[in-house]
Every structure is written in structure tokens, then in C-alpha cells.
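For reference, the structure is listed below as C-alpha cells.
Nothing in this text is a laboratory measurement; each read-out follows from the coordinates by a stated rule. Given the structure is predicted, the values throughout are model-derived calculations rather than measurements. Neighbour counts are summed over all protein chains in view; Cβ atoms, including those assigned to glycine, are modelled from backbone coordinates with ideal geometry.
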Amino acid sequence: MITGDQYRERIARLKPNVYMGGKLTDRFDPRLVGGVNVMAATYDFAFDPELEGVAVATSHLTGEKINRFTQIHRSVDDLLNKQKMTRLYCQEVGGCIQRCMGIDALNGVSVVAYEADRKYGSKYNENFINFMKRVQKEDLSLNCAQTDAKGNRPWRPHEQKDPDLYLRVVEKKADGIIVNGAKAHNSCSTYVDEIVAIPTRNMTAEEPDWAVAFAVPSDWEGVTLINAAYSPNKRKKLTAPFNTYGIGHSITVFDHVFIPWERVFLCGETELAGKLALLFALFHRHSYTGCKAAVSEIFTGATALAAEYNGIARAQHVRHKLADMIQVVDLIYAAGIAAGVNATKADSGTYIPDTNYCNAGRMLAGEAIYKEFESLAAIAGGLVATLPPEEDFYDEKTGPYLHKYIMRNPDIPAEHQHRAFRLFQDMMASAWGGHKLIDYLHGGGSPVIEKVAIYRDHNMEHSKNIVKKLGGIPFEGSTKKIDRESHAWL
């Protein structure tokens, strides 16, 4: 395992291929440093004695101690510890921990590569295991590049006017493949060691060129990262941990990129493309039951703090809002626990969380976030939007006025009240807050996608048979079981 500083030193050695604002930029551009700090924290947390039980795991490949962000889940406890780690880390950085997506992708690859080798005699699983050993030994940070540009949404990959609108193989060679295309919404790609590219959907028999998965360094020849970055407003006087973090997202362009065969995990096996896409989504939504529980808890705590500082903590409507918010926190996290406890062991030995519980937890989180924004906005009040700039609180003339008139609860010092409302402003009334309004809804899968999965994977015939039995209507089969057929597609 390495430290955050060692991670920074390694990232600094990457070749420049990041563009922002029309210019080639450094990975330590001030706009990107917040994201780098989040990723660095995932390394430093592994050396925190208080977090060792969840931050550190044992490799099933080597028996060595590893950062849990490089682990393939081999038990229910592995899934539950991953979820717990994600929640704790997100609480520490105030939001998305980002490093989960790469290992979520590789857990999916671990299942599909094994199945491909067994079915076709390929060497994908051998490639995966060798890559995984290196990931663990060097403690590599990973990004998952899944979402394609997609072009005209009703058209499949092979129907698009431009075939590159889905990442595809354009040439197969003796020593590797050439790929062309782009991946969108690619979080943290600019400050990770490796990019893991996987399909975004199922592929038909006409689409073998688009059924491809591989890993490449983030500065690989032909890879261009066109980045958007977000961070809370920079502080001048009121330094705070929240304002040292951020996130970057890229359009990741692959322009005739050569991928050596030893880095390829899928190439042309159309019937496995959709399975890999779904597995990543499933592992990632399980991570979200830790992440989004943390985010909801942050909004709950902020709303409670706003009520206390406004002097209305005992008001009944405040308590009702907070009770609703607490319920969401607990239900999201409980869904993740249920998904882990009801996990299925794949033939590869990887434990796969239950799809129904994962999707139910993620859907609840996505649908609740706007209500959480509304609750904090309602209790905090208009000052969140109209708070004067930080400098005015330290100006010789205006500072005394502001410290006098920002006072609410007389038991709370003026600076504490200023700090709280400055944080609420960062959370909601800023570029960061606007970005998070979309991120928290769509990240990891939009609620409508979870609804599709929930309906698809529920055994509705079993539910109808329960009612038929109660109504005395003939039916086939038994109702004397708790039906869990969510992994029939395995």
C-alpha cells in the first residue's frame, strides 16, 4: 500500500493529455486539485488505525494486505466492509469518494472474464488476474469508462451514422487491438493511474466490434481527456476541510488507440457485453448504498445544525423533516446490507450483491436528494443565497456589521454561524451545489433505470400467486418461500 503523497508523486509523472478551457493543462491545475485530494485521501485512510478493519483487506491472489479499493469481493463480509468503508470515507470528504468506480468495474470483469475463458478458451481471465496482481501490488487508482456518447438514442451501436459513437474495435492485430470512440461522464479519469473501459449496454450478434473491455494507463498514447472540474468555493480566511475537495469529469476520447492483448478482457463476445455492463452497475449501486447514505446523513446534519443555529431546533415541523431524512439514511444503508447478506457466489468466486436490494437503495437515494436539498433550504433560509462574500466579514468597516447582524441563536458564536452558512451556501447555492443537483440524481444510474431493473428482476408471477392463493384462485407452484430470483441471469 502507498500513501497519498506517493500517489501524488506518481500522478505527477503522467504525460500531459488533459484539456480544460481549450488548453492542455497539468493534472495539478488548481481546478483539479480538489479531485486529487479526494483520491489521495483514499490512500491515507488505509493507514489510519481507526479505519484498518474496513480500509485494509487481504488479497485472495497473494495473501498480502491490500487497500480495500483494490479487492475482489470473495465473501459477504467483503461486500459489507466495502459498503461501510465507502460511507465512512464519504463522510470524511463531504461527498463522492470516486475511487469505488474502478474496483466496481473490475469486480464485474472478474465474473465475465472467467466465464469467457471457460466458454471460449480465451485468455481474458489470465489477463485479468495478472492485471489485478499489479493493481494490488502497486495500489493503483482506477477509473471506469462505461457510458458511450450513444449518438441518436433510439438507434443501436451498429445503426448509428457514425460507428464511433459507441467505443469499438476498428482493427485486430497479432499483438493487440485498435479502438476508436469516446466515453462520457468519466469521473476522476484525469487523476487516476488506469482507465478500465467496459461496454455500456447489451450487444447483438451484429455488434461484436462494440463488445470490448480493456484497461489502459490514463496517459496512454491516443487517449485525450477533455475535462470539467468542480470544487466548493475557495476559502480565504475560513479554511475548512470541505473546501479542499472536488471532482473532475471527462469526455475520454480514444483516437485509434492500441491496446495490447494482455490488457484486453473482452473482445467480440456479444452475449457477455450486457452482462458486464449490468454487473458494473450492480457493484456500483451497492457502493452507492454507502456513498448516498453518507450524503443523506450530511444533509440531515446540516439541516439539524441550521435549525439549532436559527434557534428553531425544537419546532415540530423541523423534527418531522429530520425524521424523514433519518429514515432515508437508514433505508439506503439497510438496502446495501440486505444486498450484501443476500449476495450470490459466481463461478469465479466473486460475491455479487443482490440486484433488487441494490436497485431499491439507489433509487430511493436518487429520488430523495431533491427533498433533502429542499429541507436544508427551507430550514436554513434565504441567507444561503444572499450571504455576502467572505472578504466583507474581515473588512475594517463592514466586518463588525456582519458579525453583529448574522447572529441568530445567542449561544452560538458569530464565526460559527458564518462558517455554517458558508458551508450551506457551498452545498446548494454555488457551482458545486448545482453540479451536485445533477450528480446525486444520475450518478450510478438514474432512478428510472433502477425502476426498470427492479421491475425486470422481480418475480411478479410469484407475487400474483400469493394473491391467487388468498383469493382461492387456482395457480401453479408454491408460495411457501421468500422468492429471490434476482440472479437468474448469472
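Projecting the Cα atoms of Ala431, Thr244, Phe28 onto the dipole axis of the chain, where Lys and Arg carry +1 and Asp and Glu carry -1 at the beta carbon, places Ala431 farthest toward the positive end. Full extension of the chain segment joining Asp26 with Glu271 gains 84.2 nm, where the gain is 0.36 nm per residue of separation less the Cα-Cα distance. Each Lys and Arg adds +1 at its Cβ and each Asp and Glu adds -1 at its Cβ; summed about the Cα centre, the chain shows a dipole of about 760 debye.
Need one number: the % of Cα-Cα pairs in the stretch 310-462 sitting beyond the 21 Å mark.
Details: 7031 of 11628 pairs.
When every Cα pair of the stretch 310-462 is considered, 60 percent fall beyond 21 Å.
Cross-link partners for Lys321 among the lysines, with Cα-Cα distance under 19 Å and sequence neighbours closer than 8 places in the same chain left out: Lys292, Lys371.
So, with +1 on the Cβ of K and R and -1 on the Cβ of D and E, and no other charges, what is the size of the charge dipole of the stretch 278-454 about its Cα centre, to the nearest 20 debye?
On the way: 15 positive and 19 negative charges, 80 e Å.
In debye, rounded to 20, the stretch 278-454 gives about 380.
List the DSSP H helices in the chain whose Cα atoms stretch 20 Å or more along the helix axis and whose mean Kyte-Doolittle hydropathy is at least 0.0.
Working: long enough: 30-44 (21 Å, 0.40); 76-93 (26 Å, -0.62); 100-120 (30 Å, 0.20); 124-138 (21 Å, -1.23); 270-310 (58 Å, 0.43); 316-341 (37 Å, 0.69); 355-380 (37 Å, 0.15); 414-428 (21 Å, -0.84).
Flagged H segments are 30-44, 100-120, 270-310, 316-341, 355-380.
Per-peptide packing, taken as the mean over residues of other Cβ atoms within 10 Å, places 217-230, 96-109 in the sequence 96-109, 217-230 from highest down.
Can you tell me the dipole magnitude for the stretch 355-455 around its Cα centre, using point charges on the Cβ only (Lys, Arg +1; Asp, Glu -1), in Debye to the nearest 20?
Details: 9 positive and 13 negative charges, 65 e Å.
Using only the charged Cβ atoms, the result is roughly 320 debye.
Backbone N atoms of the stretch 189-219 closer than 17 Å to the 7 Å Cα→Cβ label point of Arg10 belong to residues 189-196, 215-219. Relative protection proxy for 355-364, 393-402, from highest mean packing down: 355-364, 393-402 (other beta-carbon atoms within 10 angstrom). Label sites at Val341 and Lys173, each approximated as a point 7 angstrom past Cα along Cα to Cβ, lie 5.3 nm apart. Taking 0.36 nm per residue of separation and subtracting the current Cα-Cα distance, fully stretching the chain between Phe475 and Ala334 would add 47.4 nm. By the rule of a C-alpha distance below 16 Å, with chain neighbours fewer than 8 residues away ignored, the lysines paired with Lys468 are Lys480, Lys481. Note on the stretch 401-416 and the stretch 110-135: Cα centroid distance 61 Å, given to the nearest whole angstrom. Ranking Thr62, Gly444, Phe373 by Cα position along the charge dipole of the chain, where only Lys, Arg, Asp and Glu carry charges on their C-beta atoms, puts Phe373 farthest toward the positive end. Straight-line reach only, C-alpha to C-alpha below 29 angstrom: list the lysines that Lys23 could link to, leaving out same-chain residues fewer than 8 apart. Correct list for Lys23: Lys15, Lys150, Lys183, Lys234, Lys236, Lys436. Legend: calculated FRET efficiency, Glu206 to Asn152, from the Cβ-Cβ distance at R0 = 25 Å, rounded to 0.05, equals 0.90.
Between Glu138 and Leu238, what length comes free when the chain is fully extended (0.36 nm per residue of separation minus the Cα-Cα distance, one decimal in nm)? Could you put the intermediate results ahead of the total?
Numbers: separation 100, 0.36 × 100 = 36.00 nm, distance 3.70 nm.
Stretched out fully, the Glu138 to Leu238 stretch lengthens by 32.3 nm.
Using R0 = 25 Å, the C-beta based FRET efficiency linking Arg118 and Leu61 works out to 0.85. Report summary: the helix-based calculation at 222 nm, which adds -39500 (n - 2.57) for every DSSP H run with n ≥ 4 and divides by the residues of the chain, gives -16000 deg cm²/dmol. Toward the positive end of the charge dipole of the stretch 92-204, with +1 on the Cβ of Lys and Arg and -1 on the Cβ of Asp and Glu, the farthest Cα among Met203, Asn143, Asn130 is that of Met203.
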